[in-house]
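> Input: one structure, supplied below.
Where a number appears in this text, it was derived from the coordinates with a stated rule and is not lab data. The structure presented is a predicted model; accordingly, all values stated were derived computationally and were not measured. Positions of Cβ are generated from backbone atoms using ideal geometry, with glycine treated the same way; all protein chains shown enter the neighbour counts.
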Amino acid sequence: MATGLMDGLRNLGRQVRLHPTIAGAVVAIAAFIVLALLISGLPAAIACAVGAAAGVALGKLTDSGLGDGPPDTTRRSPGIRRDVGPRSAYEDAPWTRMIEAMPDPVIAVDRDHMVMHANHAARDIFVSMRIGAAISLASRSPELAEAIDHAIGYQESRIVRLHERMPVERRLDATVSPLPSDHGHLPAIVIVLHDVSERERLAQMRADFIAHASHELRTPMAALRGFIETLQGAAKHDAAARERFLGIMSSEAQRMSRILDDLLSLARVEMRAHIAPTGRVDVNEVLSEVVESLEPIAAAVETTIQVDTPREPCFVRGDRDEIVQVLVNILQNAIKYGRQGGAVTVRVSLTEAQERRLRIAIADNGPGIAEAHLPRLTERFYRVDDKSSREKGGTGLGLAIVKHILARHQGDLKIASKLGVGSTFTVELPFVNGE
Amino acid sequence: MEHTVKSYEAELAQLDNKLSHMGGLVEQLLGNAFAALERRDPRLASEAIASDRAIDLMQREIEELAISMIARRQPMAQDLRTIVSTLKVAGDLERIGDLAKNVAKRALAIAPETRPQSLILGLRHMTELATASLKNVLDAYMTRDDEKALKVWRSDTDLDALYNSVFRELLTYMMEDPRNIGLCTHLLFGAKNIERIGDHGKPLEDDRPKGDKTSVTLIENN
Ligand SMILES: Nc1ncnc2c1ncn2[C@@H]1O[C@H](COP(=O)(O)OP(=O)(O)OP(=O)(O)O)[C@@H](O)[C@H]1O
Ligand SMILES: [Mg+2]
C-alpha cells in the first residue's frame with residue numbers, strides 16, 4: 001500500500017510537469033484526499049515528505065529543462081540550503097583553517113543555528129551533519145539548542161552534556177561559547193566538544209558488572225555451597241558421592257569463571273564502542289585459523305566444517321582480535337547447538353551493492369531456533385533453553401559480544417532459522433580493497 | 001501578533017526548526033523514561049513526566065503556525081504538502097511523547113522494587129529499537145531522505161516480534177514465581193507502550209513469500 005501511495009504522489013508530480021496551470025490545485029486537493037484516506041501514523045507523514053521531496057526533484061527538472069512555469073528558486077527541504085554544497089562556503093577563511101587544525105571536534109554556527117563549518121573530528125562524530133544546514137541535523141539535544149540561544153542572547157558560554165544514542169552510544173561535553181564580533185561572515189557561536197563516553201561508561205559498567213556478576217554468579221555459587229555442605233556432612237564418608245559431587249563442583253566453578261571472562265570481554269568491547277577500528281583484516285586468513293582451532297570440538301561431536309571462500313584475500317576494516325571473536329562465537333554455537341554428526345558450512349562472498357560489503361554466512365543443520373527467540377538472541381544472558389544450553393556450557397553472552405563488536409565495525413548480523421532444518425548466521429562487514 | 005512581515009521562506013524554516021526541537025524533546029523523554037525504569041530512579045521519572053508538557057506546548061505552537069501559514073499564504077502543491085505533513089509528524093510525536101511518559105509512570109511505580117535486573121533486558125532491547133527508529137524517522141524527515149524513511153518502515157517488524165517475545169518471557173516469570181507478578185505487570189504495560197511507539201511507523205506488508213517457514217532477525221548498525 002505504501003509504495004502505491006508514493007507512486008501516486010510521484011505521478012502527481014509528473015502531472016505538474018504536463019499541466020502547469022492546473023497541476024498545483026490538483027496536487028493540493030490530492031494531498032488532502034490522501035491524508036483523509038490514511039489513518040494515523042508516520043507513514044502518511046513520511047509519504048508526504050517523500051512525495052514533497054520527489055516533487056522538488058521533479059520541479060527542478062522542469063525548471064532547468066523545459067522552462068515551463070515560473071522558475072522554482074525557493075528552498076523546500078528544511079535546514080538544507082541548496083546554494084551551499086556539502087563543503088563549507090567559508091573553506092578558505094583563516095578561522096576555518098584554524099578550526100580544522102584543532103584536534104577536538106569543533107563546530108561553528110551562525111545566529112540562526114546554521115553550521116558554518118565543522119572540523120574533521122566533528123564530522124566524524126556527527127555523520128548526519130551538513131555544512132550550511134541547521135545544527136539540529138547533527139544533534140537535536142534540547143539543551144544544546146538552549147545553550148546556543150543563551151550564548152547569543154547573553155554573550156555567556158555554557159557547558160552541556162550531549163547523549164547521542166546512534167549509531168553508537170556516546171556522551172559529549174559541549175562548550176558553547178559566543179564570539180564577540182557581529183560580522184556576518186564570522187561565526188556567532190563556537191562549540192567545542194569533548195568526548196566523555198569512556199569516563200561515563202566506566203562508571204556505568206562498574207554498576208552493570210556488579211549487578212550482572214552478582215546475579216549470574218549467585219546460582220552456581222549456591223550450588224557450590226550446597227555441595228560443600230553435603231560433603232562436610234551427610235556424604236562425608238561416601239566415596240562415590242564425593243567423586244560425583246566434585247565433578248559437578250568443578251564444572252560449576254568453570255562456568256563461573258567463564259561468566260566472568262565473558263563479562264570482562266563484553267566490558268572491553270563496550271568500552272571501545274565509540275572508537276572506530278582502523279586495522280585491515282583478511283577474513284580468509286582469520287577464518288582458516290579459527291576453523292583450525294575449532295576442529296577438535298567439532299570432531300568430538302562428529303561435525304564437519306566446510307569453508308567456501310573466494311580465492312583472493314578478502315579484507316575488511318577491523319580489529320583482528322575482535323573479528324576472530326565474532327567468528328569463534330558464531331562457529332562455536334553452530335557446532336554446539338547444531339546436531340551431533342552435523343555439517344557446518346561457512347560461505348564468504350561480496351555483496352553487489354554500491355558500497356561493497358563482505359558477507360560471511362555460517363550455517364548449521366541443527367534443530368533450529370523458534371521464531372519467538374530470534375530477535376532476543378543478542379541480549380546479554382539470553383538463552384533459548386536455559387537447561388540444555390547451560391549443560392552445553394553457555395552463558396548467553398556470546399552473541400551479545402558479537403553484536404557489540406559488529407556495532408563498532410558498522411557491521412550487521414542477520415539470523416535466519418527454520419525449525420528442524422537449521423540456522424544461518426550472516427555477518428556483513430564493510431569491505432576494503434586489498435593493496 | 002507578529003508585527004514584522006516574515007518571508008515565506010523564513011516561516012517554512014521556522015516550522016521545521018520547531019518540529020526538530022519537538023523531536024529532540026521526544027527523544028530525550030524516551031531516553032530518560034527508560035533510564036528511569038532501568039535504574040529505578042523516581043527523580044528522573046518525575047522529570048521525564050514533567051517534560052511532556054513542553055512537548056504538548058511545542059505541538060500547539062506548530063499547529064498554530066501551520067494553520068496561520070495555510071490561511072495567510074494559501075500555499076500550493078509541495079509547500080502545502082510540507083506544511084500538512086509537518087502537522088502530521090507533530091501529532092505523531094505528541095503521541096510518542098505520551099507513550100514515553102507512560103513508561104516513566106511505570107518507572108515511578110516500580111521504583112521501590114528490588115527484583116533482579118535481568119527482567120528488564122528485553123525492554124532495554126525494545127527501547128533501543130524504538131529509539132533508533134524514532135531517530136531515523138526524524139533524520140529522514142529533516143533531510144527528506146526517502147530511502148532512509150523506507151528502511152525505517154521495514155525495520156519496525158522487528159519491534160513487533162520483540163514485543164511478542166518479551167510478553168511471553170514476562171508471563172513465564174510471573175508463573176515461575178508469584179513474587180514477580182507485580183513488577184512484571186508494570187513491565188508488560190511498559191513494553192506495550194514501547195511497542196506502540198513503533199506503531200507510529202507501521203511496516204510495509206511482509207514481502208516474504210507465503211509458506212516459507214524461515215524466521216529471520218536482523219541487527220543493523222549502518
Ligand atoms: N546455531 C544455533 N542453533 C541453535 N541455537 C543457537 C544457535 N546459536 C545460538 N543458539 C541459541 O542462542 C543462545 C545464545 O547464544 P550465545 O552464543 O549468546 O550464548 P551461549 O552460547 O549460551 O553462551 P556463550 O557463547 O557465552 O558460551 C544459545 O544459548 C542457544 O540457545
Ligand atoms: Mg555461544
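> Could you tell me the convex hull volume per residue, in Å³, taken over the Cα atoms of segment A:197-271?
Taking only Cα atoms, segment A:197-271 has a hull volume of 63 Å³ per residue.
> With a 10 Å Cβ neighbour count serving as the proxy for reagent exposure, in which order, fewest first, do A:LYS392, B:LYS192 appear?
A:LYS392, B:LYS192
> Which whole-Hz ³J(HN,Hα) couplings does segment A:230-246 yield from phi under the Karplus relation 6.51 cos²θ - 1.76 cosθ + 1.60, θ = phi - 60°, glycine and proline marked x?
5, 5, 6, x, 3, 9, 3, 10, 9, 4, 5, 5, 4, 4, 5, 4, 4
> Still on this structure, I have one more. Excluding A:PHE209 itself, calculate the net charge of residues whose Cβ lies under 14 Å from the Cβ of A:PHE209, where each Lys or Arg counts +1 and each Asp or Glu counts -1.
-1
> Starting from 0.36 nm per residue, how many nanometres of slack lie between A:THR278 and A:ARG199 once their C-alpha separation is accounted for?
Additional length available on full extension: 26.2 nm.
> Given the pairs B:LYS88/B:LYS192; B:LYS18/B:LYS101; A:LYS392/B:LYS192; A:LYS403/B:LYS192; A:LYS414/B:LYS18, which are separated by over 32 angstrom at their Cα positions?
Beyond 32 Å between Cα atoms: A:LYS392/B:LYS192; A:LYS414/B:LYS18.
> Still on this structure, please answer the following. Once you order the gyration tensor axes a ≥ b ≥ c over the Cα atoms, which shape class does segment A:120-177 get: rounded for a/c under 1.5, otherwise prolate or oblate by comparing a/b with b/c?
It comes out prolate by the Cα gyration axes.
> Of A:VAL196, A:VAL326, how do they rank once you tally other Cβ atoms within 10 Å and put the fewest first?
Working: A:VAL196 14, A:VAL326 27.
Least crowded to most crowded, the residues run A:VAL196, A:VAL326.
> For segment A:344-428, what is the relative contact order in percent, using Cα pairs closer than 8 Å and at least 6 residues apart in sequence? Don't jump to the answer; show the numbers that get you there.
Details: 134 pairs, mean separation 30.3, N = 85.
36 percent.
> Can I ask one more? Return the loop-located trypsin sites (Lys or Arg not before Pro) in segment A:294-333 (DSSP other than H, G, I, E, B) with at most 15 other Cβ atoms within 10 Å of their own Cβ; answer none if there are none.
Of the trypsin sites (Lys or Arg not before Pro), the ones in loops of segment A:294-333 whose Cβ has at most 15 other Cβ atoms within 10 Å are A:ARG311.
> Okay, next question. So, by mean Cβ neighbours within 10 angstrom, what's the order for B:83-95, A:354-366, A:104-116 with the highest one leading?
Sorting B:83-95, A:354-366, A:104-116 by mean packing, highest first, produces B:83-95, A:104-116, A:354-366.
> Apply the Karplus curve 6.51 cos²θ - 1.76 cosθ + 1.60, θ = phi - 60°, to the phi angles in segment B:98-108 and return the couplings in whole Hz, x for Gly and Pro.
Ordered by residue, 3J(HN,Hα) equals 4, 5, 5, 4, 4, 4, 5, 5, 4, 4, 4 Hz.
> Using alpha-carbon pairs under 8 Å, 6+ residues apart, how would you state the relative contact order of segment A:94-195 in percent?
Contact order relative to length: 26 percent.
> I need the phi-derived Karplus couplings for segment A:147-161: 6.51 cos²θ - 1.76 cosθ + 1.60, θ = phi - 60°, integer Hz, Gly and Pro marked x.
5, 5, 4, 4, 4, 6, x, 10, 6, 10, 9, 9, 10, 10, 9
> Hey, can you grab everything whose amide H is under 5 Å from the amide H of A:LEU397? Only 5+ residues off in sequence or another chain; H modelled, so Pro and N-termini drop out.
A:PHE381
> I need the shape label for segment B:51-95. Rule: rounded when a/c is under 1.5, else prolate if a/b > b/c, else oblate, with a, b, c from the alpha carbon gyration tensor.
Oblate.
> On a C-alpha basis, how far is the centre of segment B:112-134 from the centre of segment A:408-435 in Å? Whole number, if you could?
After rounding, the separation between the Cα centres reads 25 Å.
> Compute the FRET efficiency between B:GLU64 and A:SER349 as 1/(1 + (r/R0)^6), taking r as their Cβ-Cβ distance and R0 = 60 Å, and round to the nearest 0.05.
That pair, B:GLU64 with A:SER349, gives E of 0.65.
> Over all directions, the average projected area of the alpha-carbon convex hull for segment A:276-435 comes to how many nm²?
9.2 nm²
> Pull up all non-local amide H partners of A:GLY368: gap of 5 or more, or a different chain, and H-to-H distance under 5 Å with H placed in the peptide plane.
For A:GLY368, whose amide H was placed from the backbone, the distant partners under 5 Å are A:GLY420, A:GLY422, A:SER423.
> A:LEU179's amide H: which non-local residues (gap 5+, or another chain) put their own amide H closer than 5 Å, with H modeled 1.01 Å from N in plane and none for Pro or chain starts?
A:ILE189, A:VAL190
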